[in-house]
1. Have a look at Gln342, His330, His312 and report the one farthest towards the positive end of the charge dipole of the range 237-356, computed about the Cα centre with Cβ charges (Lys/Arg +1, Asp/Glu -1).
2. Give the calculated FRET efficiency between Val245 and Asp221 to the nearest 0.05, with a Förster radius of 25 Å applied to their Cβ-Cβ distance.
3. What distance in nm separates the simple spin-label points at Tyr101 and Lys16, each placed 7 Å from Cα in the Cβ direction?
4. I'd like the orientation of helix 167-178 relative to the chain: the angle between its Cα long axis and the longest Cα principal axis, in ° from 0 to 90, rounded to 10.
5. For Ala309 and Lys168, compute 0.36 nm times the residue count separating them, minus their Cα-Cα distance, and round to one decimal in nm.
6. Which whole-number percent gives the relative contact order of the chain, counting Cα pairs below 8 Å spaced six or more residues apart?
7. Which residue, Pro161, Ala194, Val30, has the largest displacement toward the positive end of the dipole of the range 3-217 when charges sit on each Cβ (Lys, Arg +1; Asp, Glu -1)?
8. What does the charge count near Val256 come to, summing +1 for each Lys or Arg and -1 for each Asp or Glu among other residues with Cβ under 15 Å from its Cβ?
Amino acid sequence: MTRIEARFQLDYGGFKLDVDLQLPSAGITVLFGPSGCGKTTLLRCIAGLQCPPEGFLKINGSIWQNSEDGVFLPPHKRPLGYVFQEANLFPHLSVQENLHYGLKRIKQNPEPVNLEQTVELLGIGHLMGRMPERLSGGERQRVAIARALALNPDILLMDEPLAALDFKRKQEILPFLSRLHQHRAIPVLYVTHAQQEMAQLADYLVIMADGREIASGLPADTLTRLELPLAQDREAATVWPVTIVEHEADYHLTRVAFAGGTLSLPIINAAVGTPLRVQIYARDVSIALESPAATSILNVLPATITGIADDHRGQSVVKLQAGTQPLLAHITQKSARLLDLQVGMPVYVQIKGTSILN
């Protein structure tokens, strides 16, 4: 798979960006970290809005920047789409006119673009005649995304596009973003500091702090690295890809399969065979040495302990392997001692709750 190579160094005095990234050229790569860690600065470097003195950028085999050779492609010559926190639609143009405004740039990228498909994907067909002032925040962002995709870019950059939206509007737009990579073969770099967005969208995850990448990889692996603060956070969670295999209508349950077993979830209004993601919080996972003989918890799985770390606040973070999927459990240090938990030990995990992400 062709990869995106991005190496940048710049020094603002009080802040330094120093990254050397090899990113996949498909799916959604989430740049995750707290405000001020360098996510947006990195995105602006990729867009050419900032020109660091030391930089190299290669996308789809094309070099956009190489400071050693004096190569720097200006922003207007980079075949990319950029979606900001605010939609920034032209207020005097209708939705349809906003979408068509930038189509003249497509000559830089001669592959045909199916605007109708993009409009259908983002569910904005009924909005085409409206003016921006008559759109909700979620609708405006969907139009902004469609406008960026209409340029048929080689890469789509999204800088916290949901940050200005309330919870309801975020829930309205997230499913559309989740389907992006299924319908458009365009790599997406998505900046956020919201853990829920990261968990729902990331096909590949880059965690940043203080202008540097501190970890990167597939979400399930990266989120369960015990040496990272995320694993010890109260909101620590694992994300599993699953597929619906059965509906138990009498019990209002849906059974989903993952690589190594099945889970029972509250009933999901989707067909058998539908792929989903589920989020399992570490605080909702308990550990037993033997399979519980009688328990109200439906999801009991065999697992193996692969790592243990103490957080010095009376909590042990236990990393496990259930089938082929990594899993985190937060338990008290006293419980870990009483059970004499050890790396390599076979145990049973009880999963008390899951969140359906998409």
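The numbers here are math on the coordinates, done by the rules we state, and not lab data. What you see is a predicted model; the values in this text were computed from it and never measured. So basically every Cβ, Gly included, is an ideal-geometry build from the backbone, and we count neighbours across all protein chains shown.
1. Among Gln342, His330, His312, the one farthest towards the positive end of the dipole of the range 237-356 is His312.
2. Once rounded, the FRET efficiency stands at 0.55.
3. Computed distance between label sites Tyr101 and Lys16 equals 4.0 nm.
4. 80 degrees
5. Taking 0.36 nm per residue and subtracting the Cα distance, the gain is 47.1 nm.
6. 16 percent
7. So the residue furthest toward the plus end is Pro161.
8. Residues close to Val256 contribute a combined charge of 0.
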